[in-house]
Amino acid sequence: MSNAAQTEARKSNHIDIVLNEDVTAKGVTTGFERYFFQHEALPDLDLGEIDTHLTLFGKRLQAPLLISSMTGGAEPARAINLHLAEAAEQLGVAMGVGSQRAAIEAGHLADTYQVRRVAPSLLLFANLGAVQLNYGYGVEQARRAVEMIEADALFLHLNPLQEAVQAEGDRNWRGLLSKIESLANALTVPVIVKEVGNGIGPATARRLVDAGVSAIDIAGAGGTSWSEVEAHRQSDPHRRRIAHTFAGWGTPTALALQQVRAALPAEVPLFASGGIRDGVDVAKAIALGATLVGSAAPLLGPATEHAEAVYQKFYGYLEELRIAMFCAGAGSLAQLRQTPLRRRDNWEVHHHE
């Protein structure tokens, strides 16, 4: 089987596993459940006028939501990406496609990522694995990925754990920072570095931004675990056990978000993804410093059906976000960022005997 065919088979396999197996992280949560907003019983607001707009990379968004990178490079991905993009366009939110390596290796797969015909004004992110910079990729391949889908920016994803437990994983990660720096400085579109569900720490985020990266998506632990996904792909029981061992690995999303926000200049956009499951999580993430909040796995099932199913699911997040803002007394995203979150473990309930 050629490299391209192997990659295409792996992409189909990943879709099936995420849809049909329990691949959520085990023994670790996002950490958002530890926080709550002080409820505002008398909000001086009109719910209908809650403002969730923002402008990012020159595009105006209706809400600070991102359909995070999921798929591409396999036949089932074509319809999935079109459904995701159509819903994102209608909602006025951002979207990233899955890793485009499959289409760089086999050009006929490019149309499994191409969504501009249904989403002309979408803030759209191309996507490549950063480790590919150690395996022959460079500025040319990154430009091809961006041009292939007429993207506004490029995600470079970091997935060392997934590569370490994957049978065919790419394990040489030496010297990548300088290559990321060269790429970020050569491209005309912003480069955003993202993890895939284990988190990015503050020192690494700082080094990346110093190297010219425009934004960071911390993609913390508590949602889909890619070591769990890879465990389900393993035929070798020894390798499968090793992959399962890392189901609880990583920094919880809420903690990674706070650490990285504190480490970066205020003007650097920060994306939060990893286990975001509703609009209250979105509100908490923004209060902790996120610019955009991404969700992936919960939208994959609806995306196998039609755009309307994706729209309804993600519109629910938006409604929940607006209600959370209303009940926290925040009329805009700027006000939400100034709204303090309280920790559940910082108070005690005294029961009457």
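The values are calculated or read from the model by the stated rules, or taken from the named source; none is laboratory data. Model, not experiment: these values are computed from the prediction. Backbone-built Cβ (ideal geometry, glycine too); neighbour counts: all protein chains shown.
Worth pointing out:
- Verdict on HIS238 being at pLDDT 95 or above, under 29 Å from ILE17 (Cβ atoms), in contact with a helix residue (DSSP H, G or I) (Cβ under 7 Å, 6 or more places away or on another chain) and in a helix (DSSP H, G or I): no
- 3 or more residues over 21 Å from ALA272 (Cβ atoms), modelled with pLDDT of 95 or more and over 19 Å from the mean Cα position of the chain (by Cα): qualifying helices (runs of 4 or more DSSP H) within segment 135-193: 139-149, 176-186
Rundown of residues vs (1) without any contact (Cβ under 8 Å) to a residue 24 or more places away in the chain; (2) out of contact with any Leu (no Cβ under 6 Å at 6 or more places or on another chain), yes/no style:
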| site | (1), (2) |
| --- | --- |
| PHE32 | no, yes |
| PHE36 | no, yes |
| ASP46 | yes, yes |
| LEU66 | no, no |
| ALA77 | no, yes |
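- Out of THR24, THR30, THR112, one residue alone is at pLDDT 95 or above and under 23 Å from TYR315 (Cβ atoms). It is THR30.
- Answer from VAL310, VAL229 - the residue that is β-branched (Val, Ile, Thr), touching a residue at least 60 places away in the same chain (Cβ under 8 Å), assigned to a helix (DSSP H, G or I) and over 30 Å from GLY329 (Cα atoms): VAL229
- Residue within segment 274-286 that is outside any helix (DSSP H, G or I), buried (at least 18 other Cβ atoms within 10 Å of the Cβ) and of a type in the set (Gly, Ala, Ser) present: yes
- Count of segment 333-353 residues which are assigned to a loop (DSSP other than H, G, I, E, B) and modelled with pLDDT under 85: 7
- Residues satisfying the stated conditions in segment 68-124, i.e. part of a helix (DSSP H, G or I), hydrophobic (A, V, I, L, M, F, W, C) and buried (at least 23 other Cβ atoms within 10 Å of the Cβ): ALA77, ILE80, LEU84, ALA85, ALA87, ALA88, ALA102, ALA103, LEU109
- Residue that is nearest to ALA296 (Cα to Cα) [pool: residues in segment 189-208 that are among the hydrophobic types (A, V, I, L, M, F, W, C) and touching a strand residue (DSSP E or B) at 6+ places or on another chain (Cβ under 9 Å)]: VAL196
- Within this structure, THR55 passes the test of being outside any helix (DSSP H, G or I), at negative phi and either surrounded by fewer than 18 Cβ atoms within 10 Å (Cβ to Cβ) or free of Cβ contacts under 8 Å to residues at least 60 places away in the same chain (or both).
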